[in-house]
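**Q** Input: one structure, supplied below.
What follows draws every value from the coordinates through simple rules; no lab data is involved. From a predicted model like this one, the values you see are computed outputs, not experimental measurements. As a convention, Cβ positions derive from the backbone with ideal geometry for all residues, glycine included, and neighbour counts pool all protein chains shown.
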Amino acid sequence: MSTTEQTTHGHHHAGFVHLHVHSEYSVLDGQSKIYEIIDRCQKYGMRACALTDHGALFGVLEFYQAARKAGIKPIIGSELYVAKGSRFDKTGRSAGASSNHFLLLCENDIGYHNLCKLSSLGYTEGFHYKPRVDFDLLKKYSEGLIATSACLAGEIPQFLMNDDRDSANEAIKKYVEVYGRDNFLIEIMDHGIPEQIKINPMLAELAEHHGLMVIATNDCHYTDKDDATSHEALLAIQTAATLDQEDRFKFPTPEFYIRSGEEMAEKFKDCPEAIANTEKVAARCNVELKLGNHLIPSYEPPDGFTKEAYLRHLVIEGLNGRYHNSPTDEHVKRANFELDVIVQMGFTDYFLVVWDLIAFARKNDIPVGPGRGSGAGSLVAYALKITNIDPMRYALLFERFLNPERISMPDFDLDFCYNRRGEVIEYARAKYGQENVSQIITFGRMKARQAVRNVGRVLGMPYGEVDKIAKLISDDPALKITLAEAAKQEPELQRLIKDDEKVKQLWQLATRLEGTIGNCGTHAAGVVICDQPLVEHVPLFQAAGSDVVATQFEMKGVEEVGLLKMDFLGLRTLTVVHDAVRFIKENRGAQIDIDNLEPNDSNAYAVLRSGKTMGIFQLESSGMRDLAKRIGLESLEEICALVALYRPGPMQLKDQYIENKHNKKKIHYDHPLLEPILRETYGVALYQEQVMQIVQAVAGFTLGQADILRRAMGKKKADLMAEQRDKFVDGAVANGIDKNVAMNLFNKIEQFAGYGFNKSHSMAYAYVAYQTAYLKANYPAEFMAALLTSESGNLDKVGVYVEECRRLNIDVLPPDINSSYTGFTVEGNSIRFGMGAVKNVGAGPVEAIAAERDANGPYKDIFDFCKRIDSRLINRRVIESLNKAGAFASTGWNRRQVEQVLDAALNEGQLSQRDRDAGQTSLLDLVSGEAESAPIHTKPNIPEWPENELLQFEKEMLGLYVSSHPLAKYSRILERYSSHSIAALKDLRDGTEVTVGGLIANVKQHITQRGNKKMAFVTLETLEGPCEVTVFPDLYEQKAGLLVSDMAVMIAARISFRNDEPGLIASDVIPIDEAPDRLTRAVHIRLTTIGLDETLIERLAEILGERPGKCDVYLHCVTPEHEDVTVHATSACKVAPSQELCDEVEGLLGEDTLWFSGANGLPRHE
């Protein structure tokens, strides 16, 4: 190397290259991020570097691209685990006992492919503690690879540590035979560990004896020397140890960092060739990763068709189907344009593959979503039934999906029914080959809060203390906050870090480990489909104990390689919609074509506007409900706008949209050309599609060019923007628009391009929201039954939905042996629980009960039941549980009667079964003469259990109260004085004041450590289910008398989150009967505006004026169109609530026209 070269690097290096380096992709073992490794190489003037993570190639693509960009040569490798015997032998009791380390570097592209195969097989065949290959595999896939003897955990060093030179010799011979003398290297390291000092001379001797090259490496696991402490914490996270445990897994010295060339030369000055050899090895390693391939699987069309002809044939068929055999010229023209682009861009196969998957799902009645994402902009996709939104009708653009002026992989996001998504993946695997289809890995990173919790655990800090610190860090996903930002924003954190040594240490370690990979998972939706084995293009991964094979590269990497990635999303709502349709067919014999509803049902929009949107897709949150009311939804286009508006960004757009909708005079268009484009959204540019259309209309761009402009605006790159601005202005001027107007328009477009939402995406979501609203409005029982079915495993949700049924006047009935199946069913306007919901009753018994009933008719009574059901399948416990849940009610026996005769019925049932098995007719059968004569069993004459016991049993067996609720008699008070539903608590901020009511179900007393005082943890059973309330000593002392089981109370409290679950800290407890006196803040009066005269209003004003007080007055007026309008009376009209007031107003206006409430969520005069 010439002197000029040395000075250009500005940092003399001894021609050393690191060939043994671990990054964070050696999960919880390596700490360096890829960019840190590259950064150090640049700092030390190293022109090449290897990445050799444990067992896997997770980081290869990121490393390859980053190194290339930095002008450093990437060397791809991996430190594999090699089984001590066969990779299929999984008897070893520890990782160390089951495998040795073995380092491989890729010399060329063949080597890279072989390493991909080895790493993949380590996961799919050899996994035992670690992904292991064995000697057979090394032999089979040795071409193009350079191997080394690795670290102290390698086979050869292990023999030498045990003074077994003969075995070490044999091992070297074995490897030289596989790799050849030039491709097997002896690796020496020096971290100041006694074992290394012992074996390094032996290794050097063996190398000389066998004529092998020696290389010096440093087994880098972290970046700089002072990272050793945070690396210790990382290892403790991996092994779930705390740092004060002496026997935990740790590295013996702090020397496993990325040393400079000088340090390495100094360390190995007795063996300079070991340093020089690293450059020689680096020079031999030349791998070119092939990226940007076009690896779409080839679709085989039926005989007599080319692919293209088949696609055109399917599209023509589809258009005829969609438009009743008469598509317009416009439709045909657009379809042809799209087909030309699809063919020209090489995506014929892609469309056929997707069509085939969707056709499979539809043929097998697997619910398919309307197709979201930009794919909905394609008429071809609509004709092929890949999507279900008509892009011509809703002005969706094909170019937003596939742009002829910008080649990139198209992307359909396909929603399938939550429970059956797996069948579609299985179909793809069967069709394209098991080896050719896989899912995609995701790397879970330790985000701010997670890093704090992990490090806190390792430091052995008390859970509560760490939790308190973690809670001070915002976990709003939109903010993606870092620890540094959190400390800046939160004074309490700054104080803790400054004053408390332990917290300071926690903060330093957590900050160093923040963002490091903590685990590997599988992407929820991504599926890769190819028509050749994937391992030819990417390494594969399989989690321990899982059947799912995934790529070792993340989503982005998979796309960069050029593989076809599709999102198969499991959407719960789809399942709900299709279950509801099935219930409607079973219950009413009506067949609803749910995917082709005309979006014009007034009932559906009334539900959306009412704010009673529980279970409606995308509209359940309080923010969405609120916005829906303010917009006053009336059309699918408006639901679409709602989905686009409800995001953190476009706050000012929301108000403008709502104002313009309700006051059309306010709409202003910057140029007449904009009117047809923005009319639908009341003059507000909401969608990316509108940005594209404006650019097309004003400046004469094609939609493809307009899409490029829109993307440039999104990237905010100045040079790109300037170029696009000139083009735009020139185009506009050519179009006869004044230059200044054009400049002004460009600036405006630039502003809202950043906010634009993908209309195809929100239109698809809007349609699903409409479907759910339509079902809830017109078929509430069937819709609620489907919702209950989808959440049947989640008692909290079931409780909330059962309460919603009560609100909708739908009876929810307990399970019954004569009508229930496993899940929920609809009976008229009621919903019946399935027997599967009863505790202790499994699927087997339920199927047996239903099958026998369907074959031979209903059960007459408990005796008939025991006689007909196989007692081996259904034991006493099952029957007791069914009875406590009320399942024998339809036989006309009450629960106590069934309980009393149960022993007799079981004995008799077993006898007649035994006789039947032996082929004898029993005496009983003879007495009842095999005829349908009345059974000879008389009902004991005893009354039912008392109601409170009945309800307790029901709750014990079903997890909630069904037939009634002990709080039912208080439901009006609860509705009027509770500020929030239990379901809404999770959406509120920490510290929000709320009022909730219910029964005290459970009180756990606790003595405080400080002050030795009593406090309590209370479980409050509300109408929707339980919630937890903490009562601190001061309040407990005053209210202990109310905190007893089955007491009905209202509790004022503030919200406190723990582990992201909302809990309540009580500030007051009030007996429920006192709620009207103590909590009333509002008086409500209902008026019908039809036939309302002046004198009545004047008299009402007098009554209210005679009783001044602190309560606001709200008038609920019903207009002739039956719309509800609420009027908040002025601050001059505030009254004192009393029974007299109630009597006088009701005397004037009629019964039930006045009520009191806690004014929750209503505007108030202070």
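**Q** Each residue of region 876-890 in order: what ³J(HN,Hα) in whole Hz does its phi give by Karplus 6.51 cos²θ - 1.76 cosθ + 1.60, θ = phi - 60°, with x for Gly and Pro?
**A** 4, 4, 4, 5, 4, 5, 4, 5, 4, 7, x, 7, 9, 4, 5
**Q** Now for a separate question. If one puts a single equal scatterer on every Cα of the chain and applies the Debye formula without solvent, what log₁₀ I(q)/I(0) results at q = 0.09 Å⁻¹?
**A** -1.36
**Q** Taking 0.36 nm per residue of separation and subtracting the Cα-Cα distance, what length does fully extending residue 911 through residue 197 add?
**A** Working: separation 714, 0.36 × 714 = 257.04 nm, distance 8.23 nm.
Value of the extension gain: 248.8 nm.
**Q** Pull out the extension gain between residue 1038 and residue 124, defined as 0.36 nm times the separation in residues minus the alpha carbon to alpha carbon distance; nm, one decimal. Could the numbers behind the result be given before it?
**A** Values: separation 914, 0.36 × 914 = 329.04 nm, distance 6.37 nm.
Computed gain between residue 1038 and residue 124 is 322.7 nm.
**Q** Per the helix-only calculation at 222 nm, which mean residue ellipticity applies to the chain, given -39500 (n - 2.57) for every DSSP H run of n ≥ 4 and division by its residues, nearest 500 deg cm²/dmol? Intermediate values should be presented prior to the final figure.
**A** Details: 47 runs with 520 residues, N = 1166.
It lands at -13500 deg cm²/dmol.
**Q** Related question: Would you mind calculating the relative contact order of region 791-958 from Cα pairs under 8 angstrom and at least 6 residues apart, reporting the percent as a whole number? Mind showing how you got there, number by number?
**A** On the way: 202 pairs, mean separation 34.5, N = 168.
So the answer I get is 21 percent.
**Q** Could you work out how far the C-alpha centroid of region 283-332 sits from that of region 1092-1166, in angstrom?
**A** Cα centres, region 283-332 to region 1092-1166: 66 Å.
**Q** I've got another one for you. Three principal axis extents, largest first, for the C-alpha atoms of region 576-773, in Å?
**A** 65, 32, 27
**Q** Take the alpha-carbon centre of region 419-436, take the same for region 491-509, and report the distance between them in whole Å.
**A** 51
**Q** Given just the C-alpha atoms of region 156-245, how large is their convex hull per residue in cubic angstrom?
**A** On the way: hull volume 12.4 nm³, N = 90.
Looking at region 156-245, the number lands at 138 Å³ per residue.
**Q** For region 182-330, count all C-alpha to C-alpha pairs, find those more than 19 Å apart, and express that count as a whole percent of the total. The partial results should precede the final answer.
**A** Values: 7966 of 11026 pairs.
Cα-Cα pairs of region 182-330 separated by over 19 Å account for 72 percent.
**Q** Any chance you could give the angle, 0 to 90 degrees and rounded to 10, that helix 228-239 forms with the longest Cα principal axis of the chain?
**A** For helix 228-239, the angle is close to 60 degrees.
**Q** For the chain, give the share of DSSP beta bridges that are antiparallel, in percent and rounded to the nearest 5; count only bridges with both residues there.
**A** 70
**Q** Now, a different point. Normalised by the residues of region 968-1078, what does the relative contact order come to in percent, with Cα pairs under 8 Å and at least six apart?
**A** On the way: 226 pairs, mean separation 31.0, N = 111.
Result for region 968-1078 is 28 percent.
**Q** Sort 106-112, 904-910 for me by packing, meaning the mean count of neighbouring Cβ atoms within 10 Å per residue, highest on top.
**A** Working: 106-112: 19.7, 904-910: 16.7.
For the peptides 106-112, 904-910, the packing ranking is 106-112, 904-910.
**Q** Averaging sequence separations of C-alpha pairs under 8 Å and six or more residues apart, then dividing by the length of the chain, give the relative contact order as a whole percent.
**A** On the way: 2051 pairs, mean separation 77.8, N = 1166.
Normalised by residue count, the contact order of the chain is 7 percent.
**Q** How big is region 791-958 on each of its three principal axes, counting only the C-alpha atoms and giving the largest first in Å?
**A** 53, 32, 28
**Q** Expressed as a whole number of Å, what is the distance separating the alpha-carbon centroids of region 587-623 and region 695-769?
**A** Using only Cα atoms to place each centre, the spacing works out to 35 Å.
**Q** Right, here's the next one. Taking R0 as 51 Å, what's the FRET efficiency between residue 174 and residue 298 from their Cβ-Cβ distance, rounded to 0.05?
**A** Numbers: r = 43 Å, r/R0 = 0.84.
E between residue 174 and residue 298, to the nearest 0.05, is 0.75.
**Q** Given the convex hull over the Cα atoms of region 1080-1157, what projected area results after averaging over all orientations, in nm²?
**A** Answer in nm², one decimal: 4.9.
**Q** Whole-Hz Karplus ³J(HN,Hα) for region 1130-1138, in order, using 6.51 cos²θ - 1.76 cosθ + 1.60 and θ = phi - 60°, x for Gly and Pro?
**A** 5, 5, 5, 9, 10, 10, 9, x, 6
**Q** Any idea how far apart residue 634 and residue 596 come out in nm if each label point goes 7 Å out from Cα toward Cβ?
**A** Result: 2.9 nm between the two label points.
**Q** Sticking to Cα atoms, compute the Rg of region 968-1078 to one decimal and its Dmax as the biggest Cα-Cα distance, whole number, in Å.
**A** 13.4, 42
**Q** Taking 1 over the mean of 1/r across every pair of different Cα atoms in region 653-715, what Kirkwood radius in Å do you get?
**A** Numbers: mean 1/r = 0.0813 Å⁻¹.
Radius from the Kirkwood sum: 12.3 Å.
**Q** Viscosity 1.306 mPa s, temperature 10 °C: give me the Stokes-Einstein translational D for region 937-1020 in µm²/s, with Rh taken as the Kirkwood radius over C-alpha pairs. Please list the in-between numbers first.
**A** Numbers: Rh = 16.6 Å.
For these conditions, the coefficient is 96 µm²/s.
**Q** On each of the three principal axes of the Cα atoms of region 503-626, give max minus min coordinate, whole Å, ordered largest first.
**A** 57, 52, 29
**Q** Net charge within 12 Å of residue 285 by Cβ-Cβ distance, Lys/Arg positive one each and Asp/Glu negative one each, not counting residue 285 itself?
**A** Values: positive: 73, 280, 284; negative: 107, 109, 279, 288.
After counting each charged neighbour, the total is -1.
**Q** Full extension from residue 1004 to residue 1094: what is 0.36 nm times the residue separation minus their Cα-Cα distance, to one decimal in nm? The partial results should precede the final answer.
**A** Values: separation 90, 0.36 × 90 = 32.40 nm, distance 5.86 nm.
Length gained, residue 1004 through residue 1094: 26.5 nm.
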